[in-house]
Amino acid sequence: MKRVVLIGPTGSGKSATGRLLAMLLRWQFIDLDEEIARISGMAVPEIFAREGERGFRDRETAALKAVAERRCVVIATGAGVVERASNRALLRKHSRVVALLASAETIWRRLLEHATSPTELGRQRPMLAGSDPLRRLGSLYRRRAPLYAEADETLVVENLTPADAAARIAASLVGRGLFPGDGAETACWLTRTQHGPDYEIVVGWNAITSLPERLKALRLPKRLHIISDDAVGSLYEPPLLTALQDAGFAPLVCRVPVGEGSKSAAQLGSIYDWLAARRAERSEAILALGGGVVGDLAGYAAATWLRGVPLVQIPTSLLAQVDASIGGKVAINHPQGKNLIGAFYPPLLVLSDPAMLMTLPERQYIEGLAEMVKHGVALDGGYFVRLELSASDLLRREPFALTRAIVESASIKSAVVQIDEREGAHDERIRLNYGHTIGHALEAVAGYGQWLHGEAVAAGMNVATRIGASLGITSAEVVTRQEQLLTYLGLPTSLEGVSASALMGAALWDKKVRSGAVRWILPTTLGRSAVVSDVPLEAVREALLAVGAEA
């Protein structure tokens, strides 16, 4: 599939949706009417006035032929382009044709929002010119409806904004494995555990399409309990449910509200009620479809419902794909601190599809980059260097660079977890908490959801390097290069407006505290870190003040 073509009645939002869809896919956008005007040197109304509808249609076909072979483009067409069979043949060639539909009344209302009167509307859109444009609109719609129905996909946009429509089309492409990945390959490896079954981690562009077969290979019962949030569910449930049902599964869906607030005892209780109402059985799997919040919440539900049911992690955020979904940590929050109530509960499968990140909002995408930087600074200096070199590609979500970075980051975490599954005597897994002591404290002090987790970790890492530098543990190079990379990636490094005293108090609730002492993970050189318990409070305060916290 090389291009997406949007068809549908006038006023259905093809141009606005197409522009936003092209931005999501990082593709070129072509408005066919604008292309006609550019080639002819005349606006569409002028072409109609001089040459009539037949002349315009001839120009439309010529313009369509000129763009129909371009790769990686989103094309928004005019409402009548479907009336010529030759045009429809061109549209279908190596393209996915999506029809945007709404009622004539809704379209009429939208059109009048951009015109002062029906007469003005007729001048803007010649096909609606005349004494009764609403009647004309309905007549055209009915005539063309069977042709719109030939589209590969139909999206009713009655109650959708162009941004919503664009996201749903992009998710449909990804969910069906139709978005090309520039040669990005799939990587799979087995993570070994001491306290549960070994499990496979899969990272691959369009890997989501392999989910039904992978679930069959695990010999899971047909009934599946999918837990998702309102944002991810609205995008990915339609293609995913269709694929699972076609494979013989019977998926059921539970939605939770978006955001960190869902990691609560109250929301966990709602999930238990939902499982109980469906008499969920011990052998039936819970599928966590979402970011870190959903993964933690659904994972903890799986760990505790009937003393443990099969769990499959399908992370849809960058943060979850590189970190949160791997290692079996599942939890909910307590008012006193983040993730204070939880368990170690390995999944049967982690399936990460980087293509699903194309629909992730920018802020949520950027926060995940913080966890990558964390892995580089605390555990693998070579990886940090590769992040520096590929930073611009990662910001553009270039498929090959993104997939490769996720594979490497997930591999780093997987290797650490296999050495020290439950943060035991090795002190290896605790290094994965680099930046989290202040990060978790910041989330609690500011109120869950004010700072995204990755944003808080980025600021926490900046504090940690300053603590380490003041103690002579962290090299100046680490302080400088880490802050430069975080800043380039658009991650926060300042704590302006946050109380240093409040952060220090909240840090005492950190899970790494032993005998009342906070254990800090402090970098030494790039890729190496130390666990330090005897950090003077004054050193912590000075580091917080150095990055802008209030005294």
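The values are calculated or read from the model by the stated rules, or taken from the named source; none is laboratory data. These numbers come from a predicted model, not from an experiment. Note that each Cβ is placed from the backbone with ideal geometry, even for glycine, and that neighbours are counted across all protein chains shown.
Does at least one position in the stretch 465-485 carry a residue that is on the phi > 0 side of the Ramachandran plot and out of contact with any helix residue (DSSP H, G or I) (no Cβ under 9 Å at 6 or more places or on another chain)? Yes; the residues of the stretch 465-485 include at least one that is on the phi > 0 side of the Ramachandran plot and out of contact with any helix residue (DSSP H, G or I) (no Cβ under 9 Å at 6 or more places or on another chain). Being free of Cβ contacts under 8 Å to residues at least 60 places away in the same chain and outside any helix (DSSP H, G or I) is the filter here; which residues of the stretch 255-272 pass it? The answer is 255, 256, 257, 258. Do the conditions hold for residue 397, that is, is it not in a helix (DSSP H, G or I) and not assigned by TED's automatic domain parsing to the domain that holds residue 316? So residue 397 passes the test. Within the stretch 103-126, the set of residues being at pLDDT 80 or above and assigned to a helix (DSSP H, G or I) comprises 104, 105, 106, 107, 108, 109, 110, 111, 126. Among the residues in the stretch 367-378, are any surrounded by fewer than 23 Cβ atoms within 10 Å (Cβ to Cβ), assigned to a helix (DSSP H, G or I) and touching a helix residue (DSSP H, G or I) at 6+ places or on another chain (Cβ under 6 Å)? No, the conditions are met nowhere in the stretch 367-378. Close Cβ contacts (under 6 Å, 6 or more residues apart or on different chains) running from residues in the stretch 144-166 that are farther than 15 Å from residue 16 by Cα and outside the structural domain of residue 109 (by TED's automatic domain parsing) to residues that are assigned to a helix (DSSP H, G or I) and modelled with pLDDT of 95 or more are absent. None of 235, 252, 224, 241 is closer than 25 Å to residue 308 by Cα, in a helix (DSSP H, G or I), aliphatic (A, V, I, L, M) and in contact (Cβ under 8 Å) with a residue 12 or more places away in the chain except 241. When residues in the stretch 62-85 are screened for being closer than 15 Å to residue 140 by Cα and either in a loop (DSSP other than H, G, I, E, B) or among the acidic types (Asp, Glu) (or both), 5 of them pass. If you go through the stretch 503-534 and keep only what is at pLDDT 80 or above, in contact with a Gly (Cβ under 9 Å, 6 or more places away or on another chain) and not in a strand (DSSP E or B), you end up with 506, 508, 524, 525, 526, 527, 528. Note on the stretch 273-297: residues that are outside any strand (DSSP E or B) and surrounded by 14 or more Cβ atoms within 10 Å (Cβ to Cβ) amount to 11. Kindly indicate whether any position in the stretch 455-467 is outside any helix (DSSP H, G or I) and touching a Leu at 6+ places or on another chain (Cβ under 9 Å). The answer is no, given that none of the residues of the stretch 455-467 is outside any helix (DSSP H, G or I) and touching a Leu at 6+ places or on another chain (Cβ under 9 Å). Tell me whether the stretch 112-126 contains one or more residues that are among the β-branched types (Val, Ile, Thr) and either under 23 Å from residue 64 (Cβ atoms) or touching a Ser or Thr at 6+ places or on another chain (Cβ under 7 Å) (or both). No, the conditions are met nowhere in the stretch 112-126. A count restricted to the stretch 17-61 and to residues that are part of a helix (DSSP H, G or I), surrounded by 18 or more Cβ atoms within 10 Å (Cβ to Cβ), of a type in the set (A, V, I, L, M) and touching a residue at least 24 places away in the same chain (Cβ under 8 Å) stands at 8. Report whether or not residue 397 is at pLDDT below 95, crowded, with 18+ Cβ neighbours inside 10 Å and of a type in the set (Lys, Arg). So residue 397 fails the test. Residue pairs whose Cβ atoms lie under 9 Å apart, sitting 6 or more positions apart in sequence or on different chains, and linking a residue in the stretch 516-541 that is free of Cβ contacts under 8 Å to residues at least 40 places away in the same chain to a partner that is in a strand (DSSP E or B), are 533/514; 533/517; 533/520; 534/517.
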